[in-house]
Amino acid sequence: MDFLVLGQVTADQPSSSLPLTNWAPPSGMQLADPEFNVSGPIDLVLGSQYFHILDGGRIQIRKLDSALPAFVNTVFGWVATGESEWPKNKTVVNCHLATTGTLDTTMQKFWAIEEMIEKPIRSQEEEDCEQHFQATKDRDSTGRYIAQYPKKIGFHEKICDSRNTALRRFDQLDRRLGKDPNLHRQYSDFLQEYLDMGHMKLIGTLQDIKDEGRTVCYLPHHPAFKKTSSTTKVRVVFDGSAKTSTGSSLNGSLLTCPVIQDDLLD
């Protein structure tokens, strides 16, 4: 049998000694603890796995009187259990205790909770992206900033073949636009505006395009609708999350930049 040793199992039981003047078990009943009514420390707690200590393996309970506790038969003898009447003259004392550390420790914890972070903690990927931007940034003749894509290690292997997916998605889009002349017109107008603003340029026909060993990412695109817009109700969305032949995507192959907006309190 394994025992768990504790400094104190529980408070003294019963909480106060009970007089047996008005009630007592029969003289022929062999008690496991003849002084069960006397308040004293608990030396041992048995778990439910030792249920076999019950005499004969069966629960035998005797309730001799309404004023008496019940008695359970065990291999050690009869054990008193249950409630008992509290002495009328017993004074009940309740004590509530709360412990705290020193005032200095409490104040330190308070300010540690309220303290603002002076400098945001960045991940290694965010640090790499920041260093890449500082090393590759430039400005064109109009004053606009230009920077290279912050590629992850193994970028070329991640992108691999993206052309087949883009062509398949374009065929689906072409059939959709062919069934809706109004959508086709708005879609074409949006792309023409891209051309006019210099956001994209024509690099040749599909047959003329040669990757020539370069890592090229073809992006599928589709329409997005905003009926509440007073100017452009249809715009073109380029899908940077489209999966390539390796299961990766352009977005997933680029480093994530740190948050550049100021904090709300700033």
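Data overview
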quantity: Above-threshold pairs, the threshold being 29 Å between Cα atoms, out of LYS151/LYS233; LYS158/LYS210; LYS151/LYS201; LYS201/LYS243; LYS152/LYS179; calculated: LYS151/LYS233; LYS152/LYS179
quantity: At 1.567 mPa s and 4 °C, Stokes D of segment 123-255 from Kirkwood alpha-carbon radius, µm² per second; calculated: 75 µm²/s
quantity: Heavy-atom accessible surface of segment 117-229: percent carbon and sulfur, 1.4 Å; calculated: 51 percent
quantity: Heavy atoms of ASP180 accessible to a 1.4 Å probe, total area in Å² rounded to 10; calculated: 60 Å²
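The values are calculated or read from the model by the stated rules, or taken from the named source; none is laboratory data. Just so it is clear, the structure is predicted and the values come from calculations on it, not from any experiment. Just so you know, the surface numbers come from the protein's heavy atoms only, side chains and all, with ligands and any DNA or RNA stripped out. Shrake-Rupley method; radii C 1.70, N 1.55, O 1.52, S 1.80 Å.
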